[in-house]
Amino acid sequence: MENKKHVIKYELLKEDKRSMARLGRITTPHGTFETPVFMAVGTQATVKTLTKEELEAIGSNIILGNTYHLWCQPGSEIVRDAGGLHKFMNWDRSILTDSGGFQVFSLAKLRDIKEEGVTFKHHKNGAKLFLSPEISIKIQNDLGSDIMMCFDECPPYPSTYKYLQESVDRTLRWAKRCQDANRNPDTQGLFGIVQGGEYEDLRRHSAEELVKMDFDGYSIGGLSVGEPKEIQNRVLAFTTPLLPKDKPRYLMGVGSPGAILDAVERGIDMFDCVLPTRIARHGTAMTSYGRVLIKNKEYERDFTPLDPKCDCYCCKNYTKAYLRHLFKADEMLVYRLLSIHNINFLLRLTEGIRNAIKEDRFLEFKEQVYKEYGIEDDKDF
């Protein structure tokens, strides 16, 4: 393994004595923050309905941009000419961009996967598009994110062993092509993505080969795509120990409290998900005592805060009755207030996780959240 400069620095601060949970610190070109960390998703160079000041006020230190969507609109060259994504969206803290691989899996129709890359149709207008490792990295270089992701194939669940074996090997070849295509290796970090479905030998092969390539960090991909909770946890349990202790570990697309706690227990450091803003737009809030569907009639005359344990702007200033009124009246303010609350909830959850690891009480903290939130084996995962 060649020794090279890493743009992304990870410092392991503490390991839990009774699980794989760990406390760490990540430094990027735009800031330093402790892990485990939740990252709000800014698909179109904005976390839906929120300003940068609101994100900063609740302590968000790293957010996501979406390579595929920003490629489609406004175009990566426009973002590049604006001075990069940080300047374009007026965000001076850290940014991670995905590769577009998941959108090819989740949005595209009639995709044709070959060694060169993937041909597929635009999710809105049906135009023919082609995305390859080189194009994905060029887009991310144009965006200027702190952390880029390798272009990978995200196979559906379930997939056959033979299909996954071929997919893993292709994704490894694509990872090397991503490294070779990065024209900003001194300013933009690059994470490799471990694939392999639910098969331990394929995950091991994928992880070992990626580790040889010496990425800035590693993501465990191909999860949170419809597999049962027990399979996700089992895959994490045997995959995270294969990854270097001195590099960040990232689980993409996970944002429910139960899934975050389970993954932290198995050694994961970073999380992202559209969940907090998506459910906010449907009138749902995550609170310390479980989910609240604000349109329910029981809140019509409830003049108490959404969550008495919460310190966010929404909970300090408005009642459930008012939020219900806004939602029933189709007022956009409710989407903003619930989005502030939900992202704040997940940031406070990960802050509580970090404090619990520091004090050697992570498993007790997890049990407490499970009990108070009402998490069951088949609920909120």
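By how many nm would the segment from Thr160 to Asp330 grow when fully extended, if each residue of separation counts as 0.36 nm and the alpha-carbon distance is taken off?
On the way: separation 170, 0.36 × 170 = 61.20 nm, distance 4.55 nm.
Roughly 56.6 nm would be gained on extension.
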How many percent of DSSP beta bridges within the chain run antiparallel, rounded to 5?
45
Starting from 0.36 nm per residue, how many nanometres of slack lie between Phe238 and Glu367 once their C-alpha separation is accounted for?
44.2 nm
Over region 163-265, with neighbouring protein chains present, the accessible area per residue in Å² at probe 1.4 Å is 33
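What is the extension gain from Glu359 to Ser19, computed as 0.36 nm multiplied by their sequence separation minus the C-alpha to C-alpha distance, in nm to one decimal?
Working: separation 340, 0.36 × 340 = 122.40 nm, distance 1.35 nm.
So the extension gain works out to 121.0 nm.
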Share of pairwise Cα separations in the chain, more than 35 Å, in percent
23
With every protein chain left in place, what is the accessible area of Asp180 in Å² (1.4 Å probe, nearest 10)?
110
Roughly how much of His341 is accessible, in Å² to the nearest 10, using a 1.4 Å probe?
0
Given only helices, namely DSSP H runs of n ≥ 4 each adding -39500 (n - 2.57), what is the per-residue ellipticity at 222 nm of the chain, to the nearest 500 deg cm²/dmol?
-12000 deg cm²/dmol
Which Cys residues of the chain have no other Cys Cβ less than 4.7 Å away and so no disulfide-compatible partner by this rule?
Cys72, Cys154, Cys273, Cys312, Cys314
For the pair His282 and Leu12, how long in nm is the line joining their label points, each one 7 Å along Cα→Cβ?
3.9
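Compute the longest continuous run of the chain that contains no exposed trypsin sites (Lys or Arg not before Pro); treat a site as exposed when its DSSP state is not H, G, I, E or B and it has at most 13 other Cβ atoms within 10 Å. Write out the running numbers ahead of the final one.
Numbers: sites that count: Lys4, Lys5, Lys17, Arg18, Lys109, Lys114, Lys124, Arg183, Lys245, Arg301, Lys309, Lys379.
With trypsin sites (Lys or Arg not before Pro) excluded where exposed in loops, the chain gives 19-108 as its longest stretch.
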With contacts defined as alpha carbon pairs under 8 Å and 6 or more residues apart, what's the relative contact order of the chain in percent?
18
Under a crude label model (7 Å from the Cα following the beta-carbon direction), how far is Asn125 from Asp186 in nanometres?
3.9
Considering only protein heavy atoms, what per residue accessible area in square angstrom results for region 284-381 with a 1.4 angstrom probe?
53
DSSP bridge orientation in region 59-191 - percent antiparallel, rounded to nearest 5
40
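Summarise the accessible area of the chain (1.4 Å probe, protein heavy atoms) by the percent that is carbon and sulfur. Show your work: numbers first, answer last.
On the way: 8100 of 16220 Å².
Accessible surface attributable to carbon and sulfur in the chain totals 50 percent.
The values are calculated or read from the model by the stated rules, or taken from the named source; none is laboratory data. Just so it is clear, the model here is predicted, and its values are computed rather than measured. Quick reminder, even Gly has a Cβ in these numbers, built from the backbone with ideal geometry, and neighbours come from all protein chains shown. What goes into the accessible areas is simple: the full protein's heavy atoms, side chains included, and nothing from ligands, DNA or RNA. Shrake-Rupley method; radii C 1.70, N 1.55, O 1.52, S 1.80 Å.
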